[in-house]
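Scroll down for the structure; my scribbles are underneath it.
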Amino acid sequence: MTRSAGGGAAPKGRSRRNFAGTRPVMDDVARLAGVSKQTVSRVLNDNPAVRAETRESVLEAMRSLGYRPSRSARSLASGRTRMLGVISFDAARYGPASTLTAINTAAQDAGYLVSSIALDTADRDTVVQAVDRLSAEGADGVIAIAPQWRVGRALAEAHLDIPLVVMDNALGDDTPMVTADSRGGALLATGHLLGLGHRTVRHIAGPAGWTSAERRAASWRETLEKAGAEVPEPLVGDWSADSGYELGRRLARDPDVTAVFASNDQMALGALRAFHEAGRRVPDDVSVVGYDDIPEAAHLLPPLTTIRTDFQEIGTRSLRLLLARIDGGQAPGTDFGAVVSVIPAHLIVRRSTGPAPA
């Protein structure tokens, strides 16, 4: 059992006391290691100028005393708060929630805390207030999950004076952007259905003003045009299964509809129910493709063909890019210094798609 300097047993997992009966501080470590307080600070911040034997001496003193540096001490020594800000919208949806989880995990691994602000509206004043709040809290950098065009415009007008990484939205300057390949994903989905012999593909689009929704709709249209297929008017939903169900009921009444591409899996799920209730068999009568590959997609009846978005990679890459910017450079051996980083999409074929009916 470890003993404290006063001779009593030190509680497990808690710092020992110094000879004055208080918790050890940086001065205690410096005295025991026979170095200056500045050297201890350098060891805490992994300064490469510290010799290996000196570093080990300081670390041994820390272990001996049970010294645990506080976050505030690290901040004073480094000039950083070790806190990052994240601004998100519609955070309850699968995509933003998965991305936020990945950011938090990567930040924790890098020794940072994350302060998140989830906004319900995307007007300029709300965005600027969120940026100002994170800046006032001393955030070393900010990641903005900006799925709507007007969020990008608001961020561009905020003139943030700390490192910023934006998802899905180019600000028109050198601010780095990380985005999923929505255009490539929609091409894969539409091309898959055309390749199965369907004469055209109906589209349940996401709401207007959303970057991913508009990119997917534009790519769907271009793919049909290049194939010489009819380009029907898209039906616009709101990302919810309810909207997919209502729009699916409209499509189910049209016997010429044999293929549907929905801009997310929730709307595809609603459409599946609508076709089932209308007696339209999937995929015998109608093929359906979703987008995102939510965990439930493989367990629907039938299992849903969809486009997989790697939200883990989006969140992790955004965090690593932000940290590289905070450090004032580009991460070694990576392309994270690029202004735009695009995460590829992948087609996941399951049993909701099949050949066009005769």
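Worth a mention:
- Residue within the range 10-21 that is open to solvent by 40 Å² or more (accessible area, probe 1.4 Å) and modelled with pLDDT of 55 or more present: no
- Given (1) under 26 Å from Pro283 (Cα atoms); (2) of a type in the set (D, E, K, R); (3) not in a loop (DSSP other than H, G, I, E, B), index of the condition Asp238 fails: (3)
- Failed item in (1) more than 28 Å from Ser41 (Cα to Cα); (2) part of a helix (DSSP H, G or I), with Ala106 passing the rest: (1)
- The set of residues in the range 174-184 being surrounded by fewer than 24 Cβ atoms within 10 Å (Cβ to Cβ) and among the small types (Gly, Ala, Ser) consists of Gly184 alone.
- Test result for Leu187, touching a Ser or Thr at 6+ places or on another chain (Cβ under 6 Å) and open to solvent by 20 Å² or more (accessible area, probe 1.4 Å): yes
- Selection of first residues in the range 134-163 that are among the polar types (S, T, N, Q) and of second residues that are open to solvent by less than 10 Å² (accessible area, probe 1.4 Å) and part of a helix (DSSP H, G or I), restricted to Cβ pairs under 9 Å at least 6 apart or on distinct chains, gives the following pairs, ordered by first then second residue: Gln148/Thr211.
- The range 141-152, subset open to solvent by 20 Å² or more (accessible area, probe 1.4 Å) and of a type outside the set (Phe, Trp, Tyr), residue nearest to Ser263 (Cα to Cα): Gln148
- Residue match in the range 293-307 (condition: at negative phi, touching a residue at least 60 places away in the same chain (Cβ under 8 Å) and among the small types (Gly, Ala, Ser)): no
- Check on Leu59, buried (at least 17 other Cβ atoms within 10 Å of the Cβ), at pLDDT 80 or above and part of a helix (DSSP H, G or I): no
- When the range 190-220 is limited to residues that are touching a helix residue (DSSP H, G or I) at 6+ places or on another chain (Cβ under 9 Å) and charged (D, E, K, R), the one that is surrounded by the most Cβ atoms within 10 Å (Cβ to Cβ) turns out to be Arg216.
- Residue in the range 225-236 that is under 13 Å from Gly290 (Cα atoms), at pLDDT 95 or above and either hydrophobic (A, V, I, L, M, F, W, C) or crowded, with 24+ Cβ neighbours inside 10 Å (or both) present: no
The values are calculated or read from the model by the stated rules, or taken from the named source; none is laboratory data. Source: prediction; values computed, not measured. Note that we place each Cβ from the backbone using ideal geometry, even for glycine, and neighbour counts take in every protein chain shown. We work out accessible area using only protein heavy atoms, side chains counted, and drop any ligands, DNA or RNA first. Shrake-Rupley method; radii C 1.70, N 1.55, O 1.52, S 1.80 Å.
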